[in-house]
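A.B. asks: Mind having a look at this structure? Questions to follow.
The values are calculated or read from the model by the stated rules, or taken from the named source; none is laboratory data. It should be emphasised that the depicted structure is a prediction, and the values quoted were computed from it without experimental measurement. Counting neighbours? That spans all protein chains shown, and the Cβs are built from the backbone with ideal geometry, glycine included. Only protein heavy atoms, including side chains, enter the accessible area calculation; ligands, DNA and RNA are left aside. Shrake-Rupley method; radii C 1.70, N 1.55, O 1.52, S 1.80 Å.
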Amino acid sequence: MPIKIEHRIGVRAPASAIWPMIMDVPGWAHWNPLYPKAEGVIAFESRLTLEVAIPGEPPRTIQPVVVDWTPEEQIIWKVRMMGGFLRTTRYIEIETLTDGGMGVIFSNGEIFEGAATRLLDRRRRARIKAGFTAFGEAVRDRAEAEWRRSGGATTLSPA
């Protein structure tokens with residue numbers, strides 16, 4: 001049975017303020033607590049190299065493949081681990097809430113499938129959720145601060 005772990009958070013900035021920082025994968029190292037080392041580009045079938053820092057666990061490196069993305073809306077990648085006994089679909093989504101585009105819900109989560117999902121006990125799921133929460137809060141804090149600082153411009157300065 002699949003297991004889904006997700007974090008959602010409101011952000012008082014438009015998708016256009018969040019998207020550039022999400023697309024800048026190498027820049028994640030400057031602000032993203034979940035992925036302190038990141039390489040690659042968001043493109044169909046591209047492979048990323050990410051160090052994952054789940055709270056309470058040693059960092060590990062994964063190499064997901066981007067399977068879908070829509071500008072200012074979503075990125076989806078997949079990972080196969082343990083000889084395919086664990087397969088994951090990871091997503092980052094930006095959902096615009098208002099007609100003016102000034103508020104969004106930022107979601108990031110993962111769907112775990114395969115025989116090895118039994119290894120995801122309650123404590124491990126809580127740690128993963130804490131990592132997703134840290135990622136979401138970092139996005140919110142940076143996007144809102146940069147949006148205020150820019151006076152409403154859609155570009156973000158380096159971290």
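A.B. asks: Can you give me the long-range amide H partners of ALA13? Hydrogens built in the peptide plane at 1.01 Å from N, cutoff under 5 Å, separation of 5 or more residues or another chain.
C.D. replies: The answer is VAL104.
A.B. asks: Something else: Using amide H atoms built in the peptide plane, which far-off residues or other-chain residues are under 5 Å from VAL52 H to H?
C.D. replies: Residues meeting the amide H criterion: ARG60, THR61, ILE62.
A.B. asks: About its Cα centre, what dipole magnitude does the chain give when the only charges are +1 on Lys and Arg Cβ and -1 on Asp and Glu Cβ, stated in debye to the nearest 20?
C.D. replies: Numbers: 21 positive and 19 negative charges, 157 e Å.
About 760 debye.
A.B. asks: Looking at the chain as a GNM with Cα springs under 10 Å, which of ILE76, ILE111, ILE128 has the largest mean-square fluctuation?
C.D. replies: Comparing ILE76, ILE111, ILE128 in a Gaussian network model of the chain, the most mobile one is ILE111.
A.B. asks: Just to confirm, what accessible area per residue do you get for the chain at 1.4 Å probe, in whole Å²?
C.D. replies: Details: 8200 Å² over 159 residues.
I get 52 Å² per residue for the chain.
A.B. asks: To the nearest 10 square angstrom, what accessible area does LYS37 show with a 1.4 Å probe?
C.D. replies: 120
A.B. asks: I would also like to ask the following. Within region 12-62, list the GluC sites (Glu not before Pro) lying in a DSSP loop whose Cβ has at most 14 other Cβ atoms in a 10 Å radius.
C.D. replies: Details: sites: GLU39, GLU45, GLU51; in loops: GLU45.
Taking region 12-62 and a limit of 14 other Cβ atoms within 10 Å, the loop GluC sites (Glu not before Pro) found are GLU45.
A.B. asks: Pop out the ³J(HN,Hα) list for region 64-71 in order, Karplus 6.51 cos²θ - 1.76 cosθ + 1.60 with θ = phi - 60°, rounded to Hz; leave Gly and Pro as x.
C.D. replies: Ordered by residue, 3J(HN,Hα) equals x, 10, 5, 10, 6, 7, 9, x Hz.
A.B. asks: Counting only the heavy atoms of the protein chains, how much of TRP28 is accessible to a 1.4 Å probe, in Å² to the nearest 10?
C.D. replies: 0
A.B. asks: Relative to the first principal axis of the alpha-carbon coordinates of the chain, what is the inclination of helix 122-150, with its axis defined by its Cα atoms, in degrees from 0 to 90 and to the nearest 10?
C.D. replies: It works out to around 20 degrees.
A.B. asks: Anyone know which of SER46, SER107, SER16 comes out most mobile in the 10 Å Cα GNM of the chain?
C.D. replies: Greatest mean-square fluctuation among the candidates belongs to SER46.
A.B. asks: Follow-up question, since we're still on this one. Under the Karplus relation 6.51 cos²θ - 1.76 cosθ + 1.60, θ = phi - 60°, what is the ordered set of whole-Hz ³J(HN,Hα) values for region 36-48, x standing for Gly and Pro?
C.D. replies: x, 9, 8, 9, x, 10, 7, 7, 4, 6, 7, 9, 9
A.B. asks: Given (1) 10.7; (2) 10.1; (3) 9.1 as candidate values of mean projected area of the Cα convex hull in nm², which corresponds to the one derived from the coordinates?
C.D. replies: (3)
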